[in-house]
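Peer 1: Can you keep this structure in mind? I'll have questions shortly.
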Amino acid sequence: MKKSKQSFKMGVGVSLLLIILVVISMTTLSVLALLSSVNDLKLTQKRQAYIKELALATVHYESALFTVNEANHAGDPRQAFYEGVAIDWQGDTAQLTSPFHDYMAVVGVVRVTDAGIERKSYEIANFAEWEADDSLDLFNGDFAFFTEGWPDDGFFEDIDE
Amino acid sequence: MKRDSSSLLLLEMTLAVLFFALSAAVILQVFIGAHRKSVQSEVVATATLLCEDAVNAMRASQREMDVFFTRDGYTKTDRGYEKQVTVNDRRYTLSFTGREHRGEAGVLILGEIAAYYAGDPEPAHSMGAACFYAGGAGP
């Protein structure tokens, strides 16, 4: 009788121990799952933010292309044709500022001369965009643009070539 | 004495079961939280991809805004253009709002594309969309 009572108590002890083990392992698993999901979400949001900024830079570049194309076409590069972009000319360079956000697009515009005759054709020499407090360029490069007039003999040409 | 021992055992068992139930409830909540985060992450990633795809398709098409969006399965609404997309049994609404600027040298499509998940009022992802093409619209 005494022996069976002892066995019963031992059984209860073992069961409790097992329950505690199960609880501990399940807690560990759930916490790990949560941490993994949170980390995954953070990474996704980081990527999302980067793609957003890149898209915005592309918007500015396309706007700049439009502005300078219009300027070339009209033969009056001193005028900003696209209403959404503020343009500040300083000699042969221009700074385009977009009103959409805190970023700034800088466009260098080069005067093209052909056999000593100045043509009213301008190019985007470089386009860069960055965050105000970030030294790393978000979007940067030399781009194709018209150099041979418009529209009949116009073609896209990389200015590095 | 024997009765006291039984009561103690019962109390001990009850406490153990209560502790187990409480732990199970907490653990279940943590699992549900993890699942929600996982779904949120998937939704954000898919919405981002959908927006990127839409912008890339728009830039590649070199067509007028109306022509591109109509051919790509969007319907015109008061706000702009909308399209329903289902990915992994989740329903998204792609919405484009923007304008077409026609100049002498070309056309600039400028706007914003957003992906809404299952009728959420806030977009899961939104980004600027722009496309300039010189001369007239493509075929």
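Please treat every number below as a calculation from the coordinates, not as lab data. The shown structure was predicted, so the numbers you read here are calculated from the model rather than taken from an experiment. When we count neighbours, we look across all protein chains shown, and the Cβ atoms used for this are built from the backbone with ideal geometry, even at glycine.
Peer 1: Taking one equal scatterer on every alpha-carbon of the range B:28-139, how large is log10 of I(q)/I(0) by Debye at q = 0.09, 0.17 1/Å?
Peer 2: Relative scattering, expressed as log10 I(q)/I(0), comes to -0.28, -0.79.
Peer 1: Show log10 I(q)/I(0) for the range B:76-117 at q = 0.19, 0.20, 0.23, 0.28 Å⁻¹, two decimals, from a solvent-free Debye sum over equal Cα scatterers.
Peer 2: So the normalised log intensities are -0.63, -0.66, -0.77, -0.92.
Peer 1: Another one. Normalised by the residues of chain B, what does the relative contact order come to in percent, with Cα pairs under 8 Å and at least six apart? Show your work: numbers first, answer last.
Peer 2: On the way: 180 pairs, mean separation 29.0, N = 139.
Result for chain B is 21 percent.
Peer 1: Could I ask something else about it? Ignore the peptide's own chain and count Cβ atoms of other chains within 10 Å of each Cβ in B:103-116; give me the average, rounded. Numbers along the way, then the final one.
Peer 2: Working: counts 9, 8, 15, 7, 1, 11, 2, 7, 1, 3, 1, 0, 0, 0.
Counting other chains' Cβ atoms within 10 Å and averaging over B:103-116 gives 5.
Peer 1: Quick one: B:D53, A:D40, fewest Cβ neighbours within 10 Å first, how do they rank?
Peer 2: Going from sparsest to densest Cβ surroundings: B:D53, A:D40.
Peer 1: Around B:G135, which amide H atoms from residues at least 5 apart in sequence, or from another chain, sit under 5 Å from its own amide H, with H modelled in the peptide plane?
Peer 2: B:G106, B:V107
Peer 1: Taking each residue in B:91-102, count the Cβ atoms of any other chain within 10 Å of its Cβ, then average. What number comes out? Mind showing how you got there, number by number?
Peer 2: Working: counts 0, 0, 0, 0, 0, 0, 0, 0, 1, 0, 7, 0.
That average works out to 1.
Peer 1: Check which residues have an amide H placed less than 5 Å from B:H101's amide H, if you skip close sequence neighbours.
Peer 2: B:L108, B:I109, B:L110
Peer 1: Can you give the helix-only mean residue ellipticity at 222 nm for chain B, where every DSSP H stretch with n ≥ 4 adds -39500 (n - 2.57) and the sum goes over all residues, rounded to the nearest 500 deg cm²/dmol?
Peer 2: Taking each H run of at least 4 residues, the total per residue is -17500 deg cm²/dmol.
Peer 1: Could you bin all the Cα-Cα distances of the range B:37-97 into 5 Å bins starting at 0 and give me the percent of pairs in each, rounded to whole numbers?
Peer 2: Using 5 Å bins, I get a P(r) of 4, 17, 27, 23, 15, 9, 4, 1 for the range B:37-97.
Peer 1: On to the next question. Taking the Cβ of each residue in A:S15, A:S30 as the centre, tally the other Cβ atoms inside 10 Å and list the residues starting with the fewest.
Peer 2: Ranked by crowding around the Cβ, least crowded first: A:S15, A:S30.
Peer 1: Select from the range A:1-57 those trypsin sites (Lys or Arg not before Pro) which occupy a DSSP coil region and have at most 10 other Cβ atoms within 10 Å, ordered by residue number. Please list the in-between numbers first.
Peer 2: Numbers: sites: A:K2, A:K3, A:K5, A:K9, A:K42, A:K46, A:R47, A:K52; in loops: none.
Here no trypsin sites (Lys or Arg not before Pro) fit, given the DSSP loop and packing criteria.
Peer 1: What number comes out for the charge environment of B:D72, summing +1 per Lys or Arg and -1 per Asp or Glu over other residues with Cβ under 15 Å away?
Peer 2: Every neighbour counted, the sum reads 0.
Peer 1: Quick check on the exposure proxy: order B:C51, B:C131 from fewest to most C-beta atoms within 10 angstrom. All intermediate terms of the calculation are to be shown ahead of the outcome.
Peer 2: Details: B:C51 29, B:C131 26.
Taking fewest neighbouring Cβ atoms as first place, the list is B:C131, B:C51.
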